[in-house]
1. For residue 315, state whether it is crowded, with 17+ Cβ neighbours inside 10 Å, away from the ligand (no atom under 15 Å from the Cβ) and at pLDDT 95 or above.
2. Within the set of pairs 6+ apart or on separate chains, which have a first residue in segment 72-89 that is assigned to a loop (DSSP other than H, G, I, E, B), a second that is more than 15 Å from the ligand (Cβ to nearest atom), and C-beta atoms under 6 Å apart?
3. Please go through segment 135-150 and pick out each residue that is in contact (Cβ under 8 Å) with a residue 40 or more places away in the chain and within 15 Å of residue 120 (Cβ to Cβ).
4. Among the residues of segment 477-493 satisfying the criterion of being hydrophobic (A, V, I, L, M, F, W, C), open to solvent by 10 Å² or more (accessible area, probe 1.4 Å) and assigned to a helix (DSSP H, G or I), which is farthest from the ligand (Cβ to nearest atom)?
5. Using the structure shown, decide if residue 98 is surrounded by fewer than 24 Cβ atoms within 10 Å (Cβ to Cβ), over 25 Å from residue 418 (Cβ atoms) and more than 15 Å from the ligand (Cβ to nearest atom).
6. For the condition modelled with pLDDT of 95 or more and more than 6 Å from the ligand (Cβ to nearest atom), what is the one hit in 53, 92?
7. Please go through (1) surrounded by fewer than 20 Cβ atoms within 10 Å (Cβ to Cβ); (2) away from the ligand (no atom under 16 Å from the Cβ) for residue 371 and return the number of the only condition it doesn't satisfy.
8. Could you grab me the full set of residues in segment 261-278 that are surrounded by fewer than 22 Cβ atoms within 10 Å (Cβ to Cβ) and of a type in the set (Gly, Ala, Ser)?
Amino acid sequence: MWSFALSILRAIPFLGSFFKEDYESLYSVEEKPLKTTRKVAIIGYGVGGSSVAYFLHELLGSSVEVHVFGDGKVGGRTGVVEFVGNKYEAGASIIHKKNRYMSGLSAKFGLKKAELPDGYLGIFDGVKFLYRSSAFSVISKLKLLWRYGFGLRKLQIYLNNLLTQFSSIYDLQSKGKSFADPITMVKAMGSHDMFYRLTQVSAEECFSKELGWGDRIVSEIVSGACRNNYCQDITDITAMVGSVSIAGAQDDSLYAIVGGNFQVPMKALEASTAEVHNAHVTKVSRVVTPDKTSPSFVLNYTEDEAVGQSEYWDAVIVACPLETSDIEFEGFDTGSWTSIKKQAFHRTVANFIHGKLNPKFFGTDVRNHTFPQTILTTKMKQPAVKFTTIGLNYPVDYTEQQKADHSKAVAAKDTANIYKIFSSEHLTEDQLNLIFSEYTEHTAVDWMAYPEYVVPENCGTFILNEGLFYINCIEHVSSAMEMSCIGAKNVSLLTKDYLHKLDQ
Ligand SMILES: Cc1cc2nc3c(=O)[nH]c(=O)nc-3n(C[C@H](O)[C@H](O)[C@H](O)COP(=O)(O)OP(=O)(O)OC[C@H]3O[C@@H](n4cnc5c(N)ncnc54)[C@H](O)[C@@H]3O)c2cc1C
């Protein structure tokens, strides 16, 4: 998901970038220590868990003792895969420049930004390309206008407005405003319930019928972006998830972190000064300790195959999706959470292939230097191979010069490239032999990736119980690293308020 910039809008003259990065007001938070030192446990050290640890440290300093329990690698669904001697983003690949938390944290930790490869784009319907960009930008522009018309202008105006209104969440959070659930949060963002409405209607209904962008834009460009970002179709996802998918269409709006995006959660965790336990939490129990009137919590966990039970915690933050986790909860009425646990998560397999794309599979005879390297797809009727997107990938530590030299070399000699293909199942050798005229290496990373979206979305709650908070409900608004940070910021504010109340 998000591995490929939707460079289609770059080709249009009147669609320029309208924003510059800004990090202001992110770190204006005033530390307000607690009177009594409190203890907080966080379960999960992906972007959500690591950033909530960091935000808590900012808000409460050393008056809160934070312990983070996580299994697997720090970074969770961010992470790199080693392939043919290099490292590639296997999970969350792309950050939008307007993502103030991800951009702000990266800048604070001195991480460098990598621009994304700007290759030729194709939109494929399972049989042929419906659109292909050209070597000459003027021809690409004319082709775009011919196929999609001036509805593209509407799309761009919509995106500009969306991003401006979305930024209201940063202002609210910098003033210390927190929300009990994601729906209350989206209702407070922007004007006229815009974001709430987007969570209640399908992408197709909203963009096609309500905003009137035109069938081709919706079924080809928007659909391509949604299948690229969330591997799901415009009929099945909300307009909010669709909007996040197309936000990357902004001119030069996307980047990744040199060396890998996982460094943002890794550095946030280090900077939080939290104690980290590489442990799998199996149970959270609510207990009332003899000396306290407020509830406390105990965690059961396994660490290096040993079973452990932790000390008492004043608050617990769940920073992993309940849908995919096996954590038991004892001493709580979990009836209202049942709907969360029952929701499905979408499986996405990130396939990495070193090879040459087969032009015949894409309905053409020639693979010249303008053959698409980013291939978005429309909903395919009877696809020979089920996949949602294909994109050229560069190693996470390549310099801009290396990328430029590499694409020149590939164009000149028609050598093999590294491609990433998203599919919902592992691709077989036979399937790869259809897509590639030749390939030498293949590996795959299998993810439970993001919610299987439903329309309308109810999104659940940030407060599971008194003192027990949950970040990942925000993924039902949309799943992205920045959304995890926004959820984490909200939960850090809720936790701070809760702990201050215990002081009284
Ligand atoms: C293939 C793919 C591509 C994506 N592309 C993008 C992209 O380009 N841009 C973008 O912004 N987002 C992208 N995303 C989405 C993004 O990765 C997620 O929204 C975000 O990383 C979620 O972070 P998180 O911390 O909430 O959850 P996770 O990263 O899932 O972290 C949860 C953590 O909890 C741990 N954990 C779970 N259960 C337990 C337990 N019982 N005990 C202890 N620890 C536990 C896990 O090991 C993990 O460390 C992509 C996701 C996938 C899968």
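1. Numbers: crowded, with 17+ Cβ neighbours inside 10 Å: yes; away from the ligand (no atom under 15 Å from the Cβ): yes; at pLDDT 95 or above: yes.
The answer is yes for residue 315.
2. Every condition considered, the pairs that remain are 84/354; 84/441.
3. Those that are in contact (Cβ under 8 Å) with a residue 40 or more places away in the chain and within 15 Å of residue 120 (Cβ to Cβ): 135, 137, 140, 141, 144.
4. We begin by selecting, within segment 477-493, every residue hydrophobic (A, V, I, L, M, F, W, C); these are 477, 480-481, 483, 485-486, 488, 491, 493.
Adding the requirement that they be open to solvent by 10 Å² or more (accessible area, probe 1.4 Å) leaves 480-481, 483.
If we keep only those that are assigned to a helix (DSSP H, G or I) too, we end up with 481, 483.
Working: 481: 4, 483: 6 Å.
Result: 483.
5. Values: surrounded by fewer than 24 Cβ atoms within 10 Å (Cβ to Cβ): yes; over 25 Å from residue 418 (Cβ atoms): yes; more than 15 Å from the ligand (Cβ to nearest atom): no.
Spelling it out, it is not the case that residue 98 is surrounded by fewer than 24 Cβ atoms within 10 Å (Cβ to Cβ), over 25 Å from residue 418 (Cβ atoms) and more than 15 Å from the ligand (Cβ to nearest atom).
6. Details: 92 fails: more than 6 Å from the ligand (Cβ to nearest atom).
Matching residue, one of 53, 92: 53.
7. In the conditions (1) surrounded by fewer than 20 Cβ atoms within 10 Å (Cβ to Cβ); (2) away from the ligand (no atom under 16 Å from the Cβ), residue 371 misses (1) alone.
8. 271 - this is the single residue of segment 261-278 that is surrounded by fewer than 22 Cβ atoms within 10 Å (Cβ to Cβ) and of a type in the set (Gly, Ala, Ser).
The values are calculated or read from the model by the stated rules, or taken from the named source; none is laboratory data. Note that the structure is predicted; figures quoted are calculated from it, not measured. Here Cβ is always computed from backbone atoms with ideal geometry, including for glycine, and neighbour counts include all displayed protein chains. What goes into the accessible areas is simple: the full protein's heavy atoms, side chains included, and nothing from ligands, DNA or RNA. Shrake-Rupley method; radii C 1.70, N 1.55, O 1.52, S 1.80 Å.
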